[in-house]
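Working notes for the structure below.
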Amino acid sequence: MSYTKNLAELGLVLPPVASPAGAYVPAVRSGNYVYTAGQLPIIDGELAATGKLGAEITAEQGKELTARCALNALAALDDVAGLDNVVRIVKVVGFIASAPGFTAQPAVLNGASELLGAVFGENGRHARSAVGVSELPLGSPVEVELIAEVR
Amino acid sequence: MSYTKNLAELGLVLPPVASPAGAYVPAVRSGNYVYTAGQLPIIDGELAATGKLGAEITAEQGKELTARCALNALAALDDVAGLDNVVRIVKVVGFIASAPGFTAQPAVLNGASELLGAVFGENGRHARSAVGVSELPLGSPVEVELIAEVR
Amino acid sequence: MSYTKNLAELGLVLPPVASPAGAYVPAVRSGNYVYTAGQLPIIDGELAATGKLGAEITAEQGKELTARCALNALAALDDVAGLDNVVRIVKVVGFIASAPGFTAQPAVLNGASELLGAVFGENGRHARSAVGVSELPLGSPVEVELIAEVR
């Protein structure tokens with residue numbers, strides 16, 4: 001199966017790998033695993049939005065933002081291991097900048113999870129943690145990291 | 001050693017695996033590792049409590065809730081790899097919904113850690129991070145994920 | 001290459017492994033990986049500071065504190081696998097206790113990342129997530145965990 005082809009058929013294009021916001025790298029391959037850095041919803045070098053879920057950002061907008069984080073994660077993964085070498089997506093953690101009382105983090109993170117499902121099918125089904133946090137780098141509404149098994 | 005037997009001797013019963021709150025699965029096996037999703041303190045399909053540590057929820061209640069998360073994690077682990085195939089519990093991360101000024105996250109997460117110690121003995125001794133966060137899915141007071149090595 | 005020697009040339013000394021704040025261990029080796037517990041900026045058995053970034057703690061102070069967390073993580077790693085057996089640092093997660101509006105978590109976590117780069121060179125380049133949280137154990141301003149590949 002060609003995941004690269006799936007991606008194209010979904011109308012998605014891997015963006016350039018986002019520059020790290022600090023002294024680290026976008027992804028590391030170690031053995032048969034790739035760990036990505038926490039990905040922000042960066043488009044063309046800039047954050048697509050700032051603010052918090054439950055305040056400036058709606059859950060629906062947040063879902064699109066986590067999908068973008070996932071796409072950026074796939075770009076980082078592709079860069080170190082090649083998208084078509086993915087065996088499966090193992091784990092996703094999503095940090096959701098949340099205004100007081102906002103508890104729909106799972107719905108927001110579904111943006112990332114559904115994109116991974118669309119690209120990798122059964123092999124995109126991952127374990128996941130969704131967490132609401134108070135502040136994220138640069139004011140980002142969301143941040144998503146993943147672990148993938150690769151061949 | 002039979003961990004299933006230990007569990008029974010402790011008077012504990014693995015619950016049905018909790019339905020994911022989003023587009024993911026409760027646990028993934030990859031090679032010799034199992035990653036669980038972030039587990040909420042769900043009993044019979046419902047959150048056992050909502051609220052924050054240091055406000056609606058006491059540290060002692062929180063400890064019981066993280067123990068429940070750990071039990072739910074073991075159910076998810078058992079489902080994909082079998083409890084008796086555990087080599088050791090490697091890592092636990094606990095997210096504790098914390099009211100301002102609440103800093104006893106470690107004591108709260110001990111509920112999960114002590115249950116894992118009781119079930120797996122030396123092989124239940126894990127590395128761990130306890131973190132206080134502002135909001136958790138569905139208003140849950142706690143969320144716990146783990147990584148286990150399995151044979 | 002001797003990382004122990006690098007450390008000495010940097011004027012750094014591995015501290016005694018900090019006692020866990022709960023029912024867990026400072027680091028676990030599983031296969032070719034070491035997972036450390038979340039490390040606090042403990043010096044001589046006491047937190048070097050308490051408070052939040054953007055309030056009581058400046059970004060520059062925070063950077064020194066995450067460097068200390070990284071040093072404590074290396075002590076825990078050394079204890080279970082030996083520093084000179086590190087193949088590479090794979091992943092770092094930094095939780096930064098953040099006052100409302102503080103979004104420079106990446107700059108703060110650079111303290112840890114730069115120390116790892118100084119000690120391990122190219123092999124210290126890791127994937128990383130920086131997250132702002134509301135409260136950390138014992139009132140700590142920062143908490144850092146890492147995963148290392150070892151031989």
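At-a-glance table
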{"quantity": "Overall form of segment B:14-74 per C-alpha gyration tensor (a/c, 1.5; a/b vs b/c)", "calculated": "prolate"}
{"quantity": "Between segment B:82-151 and segment A:12-63, the Cα center-to-center distance that results, in Å", "calculated": "26 Å"}
{"quantity": "FRET efficiency, A:A99 to A:E60 (Cβ-Cβ, R0 22 Å, nearest 0.05)", "calculated": "0.90"}
{"quantity": "Charge dipole magnitude, Cβ of K and R +1, D and E -1 - segment A:78-151, Cα centre, debye nearest 20", "calculated": "260 debye"}
{"quantity": "Sequence of C:I43, C:I57, B:I89 once ranked by neighbouring C-beta atoms within 10 Å, starting from the fewest", "calculated": "C:I43, C:I57, B:I89"}
{"quantity": "Entries in A:K52/C:K52; A:K52/C:K63; A:K91/C:K91; A:K91/B:K52 that, when Cα-Cα distance is taken, lie over 22 Å", "calculated": "A:K52/C:K63; A:K91/B:K52"}
{"quantity": "Residue-averaged beta-carbon neighbours from other chains (10 angstrom radius) around C:40-50", "calculated": "0"}
{"quantity": "Simple Cβ-charge dipole of the protein assembly as shown, Lys/Arg +1 and Asp/Glu -1, about Cα centre, in debye nearest 20", "calculated": "720 debye"}
{"quantity": "Shape category assigned to the protein assembly as shown from the gyration tensor of Cα positions, a/c cut at 1.5", "calculated": "rounded"}
{"quantity": "Label distances, nm, B:K5 versus same residue in remaining copies, Cβ-directed 7 Å point", "calculated": "5.3, 5.3"}
{"quantity": "Least to most buried among A:V133, C:V108 (fewest other Cβ within 10 Å first)", "calculated": "A:V133, C:V108"}
{"quantity": "Kirkwood hydrodynamic radius over Cα pairs of segment C:73-151, then Stokes diffusion coefficient at 20 °C and 1.002 mPa s, in µm²/s", "calculated": "162 µm²/s"}
{"quantity": "Where the Cα pairs of segment C:3-150 fall when distances are cut into 10 Å bins, in %", "calculated": "13, 46, 33, 8, 0"}
{"quantity": "Environment charge of B:D84, counting only residues whose C-beta is closer than 11 Å and scoring Lys/Arg +1, Asp/Glu -1", "calculated": "+1"}
{"quantity": "Share, in percent, of DSSP beta bridges within chain A that are antiparallel, nearest 5", "calculated": "70 percent"}
{"quantity": "Dipole moment magnitude, nearest 20 debye, segment C:3-150 about Cα centre, only Lys, Arg, Asp, Glu C-beta charged", "calculated": "340 debye"}
{"quantity": "Relative contact order of segment C:3-150, pairs being alpha-carbon contacts under 8 Å that are 6 or more residues apart, as %", "calculated": "35 percent"}
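Here, each number is a calculation from the coordinates, and none is a lab measurement. Not measured: the values here are computed from a predicted model. Heads up, the Cβs are rebuilt from the backbone with ideal geometry, glycines too, and the neighbour counts pull from every protein chain shown.
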